[in-house]
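Structure record follows, encoded as structure tokens.
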Amino acid sequence: MSRKRPFLKWKGFFISLVLQTMVKQLTLFFLACAFKLLATSLYAQADSKNWFSMYADTTKSNRQISYYIVEWDPATALEFPMLLALDAHTAIVQADLLLQEKIVKSFTQIAPANNLWKIPGGSRQYLNDRVNRVIVSGANLKAIELAIKNQLSSTTILQQYPNALLVKLAGRNQLESLLQLPAVQFVDCYVKPGIETNIIGYDRSFHGISALDYLIPRANGRGVTVSVKEQRMEPTDLDLYKRVLPSALAAATVSAHATVIASIIGGAGNSFYDGRGIANGCSFFSSNFDNLFPDSIVQLTQNNVSVQNHSYGTVIQNYYGAEAAAYDAQLFGHPTLLHVFSAGNRGQDGAAAGIYAGLPGFANLTGNFKMAKNVITVGAVNNTGTLAAESSAGPLYDGRLAPQLAALGPNGTSDAAAMLSGTLAVMQQLYGDSNAMQKPAASLLKALLYNTADDIYSKGIDFKSGYGLLNSYEAVRALQQKKYAAGAIANGQPWSTILNVPAGIASLKLTLAWTDSAAPLNNYKALVNDIDLEVSHMAAGTVYKPWILNSSANADSLRLLPVRGRDSLNTAEQISLERPAPGAYEIRVSASSATSSLVNFHVAWQMDTIGSFYFTNPQHASDANREENEILNIKWKAAVADTNQTGDLSISYDAGVHWLPVVSNYRIFQQKYQWPIKDTNSMAQLKMQTAYGSFYSKQFIMAKLTRPTVDFNCSDSLRLSWNKHVYANSYKIFALADSPYLKEVTTVSDSFVVMDRAMFPYNVYAIEPVLSNGILASRSVAIDVNLQGVACFYKTFYYNLADSNRLNLVLELSSPVYVDSIYFEQVTAMGQRLRQAGAQKADGRSLYDQAAGFAPAGISYWRARIKLRSGDEVLTPIIEVLTTGEKMISFYPNPVPRNGTVRHLLKQGLGSDARLYLYDIAGRLLKKYSSIPDNFNFRTMPAGLLIYRLYSPKDELLETGKILLQ
């Protein structure tokens, strides 16, 4: 018996659970009934011009109520789960919430919700019975899938996204059926991919990107292929168009995340200026991150991949495992290849194992592959330049420095890694341009990047930001100016060179980098070939060693500033000197312990002259766009003898004739200032007055963005218009043709253009103002003219059916100025005119409606005829109107196939709570319906003539008719 007791205990528990569930369901049913009555009372007292008039279900149907619209006193602080907050005191909620009596008592209005809340307001004008692809979402996608399969079997699920489904509807009535599914909480139009939304938080003032773009315009990654290893990017995206190579390694699923990452790396900027990546001339190769080991080098080599971005992670794995060793081995064997990894977004967590276990905030990079020593890991800063708390930090399992760099990551370290990958592609391109298209060694680019990084977080290197914040512009300049040297050493064979340092240098910095061979798996230390850097002032004999960090497993130790010493852990070493004495310096590299016969390395250096200064941002009109960001990030690069040295920042709106102060006595060392952009349209220029002179920015523009509008889109002509730019003399029209990039197709002087579609058959257009001084203002957002809801002189033509089937036709014009008059017509299915329902003279309005009387029974066909002032006429598509005419109910088909399904149509205004009685020819009652069902099944009834009687809910006879059952 004792062995059976546990079973009996669990059996009792499950019985109890089932009973509790049944009680809950019954309670909810009775509460729903009670609240339905309450809702009628409350709704009757509500103002019709509110959310309740839009979303309250007033049909009084007997359907199961899944959602309610509720309202509460704004002065009452309430916390409860909402599906959709309509405003500060109105929301859509699930019916289960009504079981919580305490919350319900605080509601001032409650009503069952109809299904319109599931459709976003901006989609309603496009979402109709003719739409056959929709985006569907809800709290439980599996429940939606199951409901579609069981209840809408002819509906096809085309694609599953992380939080939604792309659904293909098979018939005209399936949209309404889809909306009625309780699991469905959102339905939207499906728009063909191609035009992407802007990348939120992308700021080109970071990393010197604006300066790189403007001052070195050919630096665009041309000829370089960057692989994005994760899910597949969208190849039809407007900013990646025609640059995504075919890939046998690509994942099956397209990811918005991968598309954004690729856009940051090298977006073309077709969509808008913030869709322009760093390496906007590169190509892309997609790879699936289901394989966490390195991709086949054959595949990468065949597709000319030289940079691979990895914006993903797993868990914290602090050991040198098989994946880390595999990446090190691949990079050691192919020294021009670069793998860039996001550090991870676990910056506040601690490792569960390893020597740093239990130290929150340290040693939390995500993934064993990030323990490799030849990859670059990247942390993230936010839009203020502050290191993000979520950005994963080092040290690595053996005390090595990580992440090596930090970069802008408004959405995490994924974006930060993409910033670096784009920069690497540009550097590879520029090196190849000067070196017979050869790729540079990875160790060269690492040395340059680490050496030019801007110091952030704490002084010197640290376990949060590595060598500092990525400075793309300075790294490219150092590459172009060849501020580096290459060498190779073995044990006992040191290498050296001489660097002459002039007087007046504020700082000198040198970085050594090399690519190391893979260590044995799970080795206590990853470094195999240990080489060392030191610098000595030859006249004085002073020797300087690299900066090293305290890697003891103690939080206080890990926060300490670096000290000079021999580095025996990392594959990069850095030496910096403040105010170095002038003279000759020997740069010496030696091998402490090298197992390889020869270790190749690179050394980069940088000297900043005291008093040097230049602005890095703004450079473009897009850098001072108040509509996108009310704060202008003014940034500069300066070298000062004293970090407390100040300057006066001022601005001119008249080409330097007059200067207005922005900020005085500002510390130049901060190298940035956030200035609220004035609400004005003006040319502007900045000046920084220092003890070493006056320094000026490029002229830039503060003005509203140009926004194109489609006025009409006809088969033979297209009209675009836009807001006039205050300083523009002309406007360049750009279009997307067969090229990956928008190209200029014409220039006009007016703020509109009418284009012959035979000459300009393109669909995507953008406008760029040309100012009187020749400067180009920001190019507009690119628009697809076929996705703007505008047809040939009109936007939409639709109908509304009022009670008793009174028909009202509605036409919305897109360009009223061209229209003379409008005619509303009833036609045949083939377009032959039957009668004119009304005519109206155009008076400049966009919206025209016409009462067309009572719609006839069955399907009738209607259109609008638009007469233009030129005398030409435009016909809208024919729309179908299905009604019962003067009858209360119609059955179709009639005669009815005995084994077929019979559908019905009710007169507008008549609810489904009407009752229906079916009789045979002898008057015998065959079937009684207490409410009108969706479909009728007559298979059990005898063939012949059936008589129906339709009654109102108050037992008033509304109609008698016949159905012929075959």
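Considering all alpha-carbon pairs of the chain, what whole percent are spaced by more than 48 angstrom? If you can, show how the numbers build up before the last one.
Working: 198584 of 466095 pairs.
Considering the chain, 43 percent of its Cα-Cα pairs are separated by more than 48 Å.
Using only the alpha-carbon atoms of the range 518-642, report the extent along each of the three principal axes, biggest first, to the nearest angstrom.
Principal-axis extents of the Cα atoms in the range 518-642, largest first: 57, 44, 34 Å.
Rank by packing, highest mean first: peptides 399-407, 252-260, with packing defined as the count of other Cβ atoms within 10 Å averaged across residues.
Values: 399-407: 27.8, 252-260: 18.9.
Taking the mean over residues of other Cβ atoms within 10 Å, the ranking is 399-407, 252-260.
Can you compute the FRET efficiency between residue 927 and residue 105 using 1/(1 + (r/R0)^6), with r the Cβ-Cβ distance and R0 = 45 Å? Round to the nearest 0.05. Mind showing how you got there, number by number?
Values: r = 44 Å, r/R0 = 0.98.
The pair residue 927/residue 105 has a calculated efficiency of 0.55.
Can you work out the FRET efficiency for the pair residue 707 and residue 382, with r the C-beta to C-beta distance and R0 = 45 Å, to the nearest 0.05? List each step's numbers first, then the result.
Values: r = 29 Å, r/R0 = 0.64.
The calculated FRET efficiency here is 0.95.
Extension gain residue 77-residue 694, at 0.36 nm per residue separation less the Cα-Cα distance, in nm? Let's see the in-between values first.
Details: separation 617, 0.36 × 617 = 222.12 nm, distance 5.64 nm.
That works out to 216.5 nm of additional length.
Positive end of the dipole of the chain, charges at C-beta (+1 Lys, Arg; -1 Asp, Glu), about the Cα centre: which of 448, 109, 58 has its Cα farthest in that direction?
Going by the Cα projections, it comes out as 58.
Taking the Cα centre of each part, how many Å lie between the range 308-368 and the range 443-499?
Here the two parts' Cα centres lie 22 Å apart.
On a full-extension model of 0.36 nm per residue, what is the gain between residue 903 and residue 730, subtracting their alpha-carbon distance, rounded to one decimal in nm? Show your work: numbers first, answer last.
On the way: separation 173, 0.36 × 173 = 62.28 nm, distance 6.05 nm.
Extra length from residue 903 to residue 730 when fully extended: 56.2 nm.
What does the charge count near residue 641 come to, summing +1 for each Lys or Arg and -1 for each Asp or Glu among other residues with Cβ under 10 Å from its Cβ? Could the numbers behind the result be given before it?
Working: positive: 579; negative: 578, 642.
Net of charged neighbours comes to -1.
Given 118/704; 446/509; 242/370, which pairs have Cα atoms separated by over 23 Å?
On the way: 118/704 35 Å; 446/509 14 Å; 242/370 32 Å.
Checking Cα-Cα distances, 118/704; 242/370 exceed 23 Å.
Is it possible to state the helix-based mean residue ellipticity at 222 nm for the chain, with each DSSP H run of 4+ residues giving -39500 (n - 2.57), the sum divided by total residues, to the nearest 500 deg cm²/dmol? What is it? Mind showing how you got there, number by number?
Numbers: 13 runs with 148 residues, N = 966.
Computed mean residue ellipticity for the chain: -4500 deg cm²/dmol.
Based on the Kirkwood radius over alpha-carbon pairs, what is the Stokes-Einstein translational diffusion coefficient of the range 432-578 at 20 °C with 1.002 mPa s viscosity, in µm²/s?
Details: Rh = 17.1 Å.
Translational D for this selection: 126 µm²/s.
Assigning unit charges at the beta carbon (Lys, Arg +1; Asp, Glu -1) and nothing else, what dipole magnitude in debye, to the nearest 20, does the range 709-787 show about its Cα centre? Provide the component values of the computation, followed by the final result.
On the way: 6 positive and 8 negative charges, 38 e Å.
Value, rounded to 20: 180 debye.
Residues of the range 300-324 with the amide nitrogen closer than 17 Å to a label point 7 Å from the Cα of residue 486, along Cα-to-Cβ, please.
Of the residues in the range 300-324, none has backbone N under 17 Å from the label point off residue 486.
Volume per residue, Å³, of the convex hull around the alpha-carbon atoms of the range 613-702?
Working: hull volume 7.3 nm³, N = 90.
Each residue corresponds to 81 Å³ of Cα convex hull volume.
Could you check the spin-label model distance between residue 754 and residue 869? Points 7 Å from the Cα along Cα→Cβ, value in nm.
In this crude spin-label approximation the distance works out to 1.0 nm.
Would you mind checking the tilt of helix 256-266 against the longest principal axis of the Cα atoms of the chain, expressed as 0 to 90 degrees and rounded to 10?
40
Can you tell me the dipole magnitude for the chain around its Cα centre, using point charges on the Cβ only (Lys, Arg +1; Asp, Glu -1), in Debye to the nearest 20?
Details: 86 positive and 75 negative charges, 516 e Å.
For this selection, approximately 2480 debye.
So what is the relative contact order for the range 658-770, in percent, with contacts set as C-alpha pairs under 8 Å and at least six apart? Working shown, then result.
On the way: 162 pairs, mean separation 23.2, N = 113.
Averaging sequence separation for qualifying contacts and normalising by length gives 21 percent for the range 658-770.
Could you rank the peptides 628-640, 468-480 by their average count of other C-beta atoms within 10 Å per residue, with the highest value first? Intermediate values should be presented prior to the final figure.
Values: 628-640: 19.2, 468-480: 23.5.
Most protected by this proxy first, the peptides run 468-480, 628-640.
Within 10 Å, count the other beta carbons around each residue, average over each peptide in 781-792, 666-677, and list them highest first. Write out the running numbers ahead of the final one.
Working: 781-792: 17.9, 666-677: 14.5.
So the peptides 781-792, 666-677, ranked by packing, come out 781-792, 666-677.
Mean separation of Cα pairs under 8 Å and 6+ residues apart, divided by the residue count of the range 206-609: what relative contact order is that in percent? Let's see the in-between values first.
On the way: 1107 pairs, mean separation 64.5, N = 404.
Reported as a whole number, the value is 16 percent.
What lysines does residue 687 reach when the alpha-carbon gap must be under 19 Å and sequence neighbours fewer than 8 apart in one chain are set aside?
Output for residue 687: 635, 637, 672, 678, 698.
Under 13 Å Cα to Cα from residue 459, which aspartates and glutamates show up? Leave out anything in the same chain fewer than 8 places away.
Here the aspartates and glutamates satisfying the reach criterion relative to residue 459 are 578.
When the Cα centres of the range 517-594 and the range 767-811 are compared, how far apart do they sit, in Å?
63
Rounded to two decimals, what is Rg over Rh for the range 889-965 when you use alpha-carbon atoms and the Kirkwood radius? Kindly include the intermediate steps, with their values, before the conclusion.
Details: Rg = 11.8 Å, Rh = 12.6 Å.
That ratio equals 0.93.
Taking 0.36 nm per residue of separation and subtracting the Cα-Cα distance, what length does fully extending residue 352 through residue 943 add? Display every interim value, and only then the final one.
On the way: separation 591, 0.36 × 591 = 212.76 nm, distance 7.66 nm.
Separation in residues times 0.36 nm, less the Cα-Cα distance, equals 205.1 nm.
Between beta-carbons, use under 11 Å as the cut-off and find the net charge around residue 431, counting Lys and Arg +1, Asp and Glu -1. Don't skip to the answer; put the middle values down first.
Numbers: positive: 439, 482; negative: 433.
So the surrounding residues net to +1.
Run down the aspartates and glutamates and flag those whose C-alpha is under 19 Å from the C-alpha of residue 142, throwing out any fewer than 8 positions away in its chain.
In chain and number order, the partners are 188.
For the Cα atoms of the chain, what angle does the longest principal axis make with the long axis of helix 442-452, in degrees from 0 to 90, nearest 10?
Value to nearest ten degrees: 90.
Can you tell which of 753, 851, 922 lies farthest toward the positive end of the dipole of the chain, using +1 and -1 charges on the Cβ of basic and acidic side chains (Lys, Arg; Asp, Glu)?
Working it through, the farthest residue towards the positive pole turns out to be 922.
In degrees, nearest 10, range 0 to 90: what is the angle between the Cα axis of helix 413-434 and the longest Cα principal axis of the chain?
60
Once the dipole of the range 794-883 is set up with Lys and Arg at +1 and Asp and Glu at -1 on Cβ about the Cα centre, which of 818, 881, 797 lies farthest towards its positive end?
Of the candidates, 818 comes out farthest on the positive side.
Rule-based calculations on the coordinates, nothing more; no lab input. Small disclaimer: the values here were computed from a predicted structure and weren't measured. We place every Cβ from the backbone using ideal geometry, glycine too, and count neighbours over all the protein chains shown.
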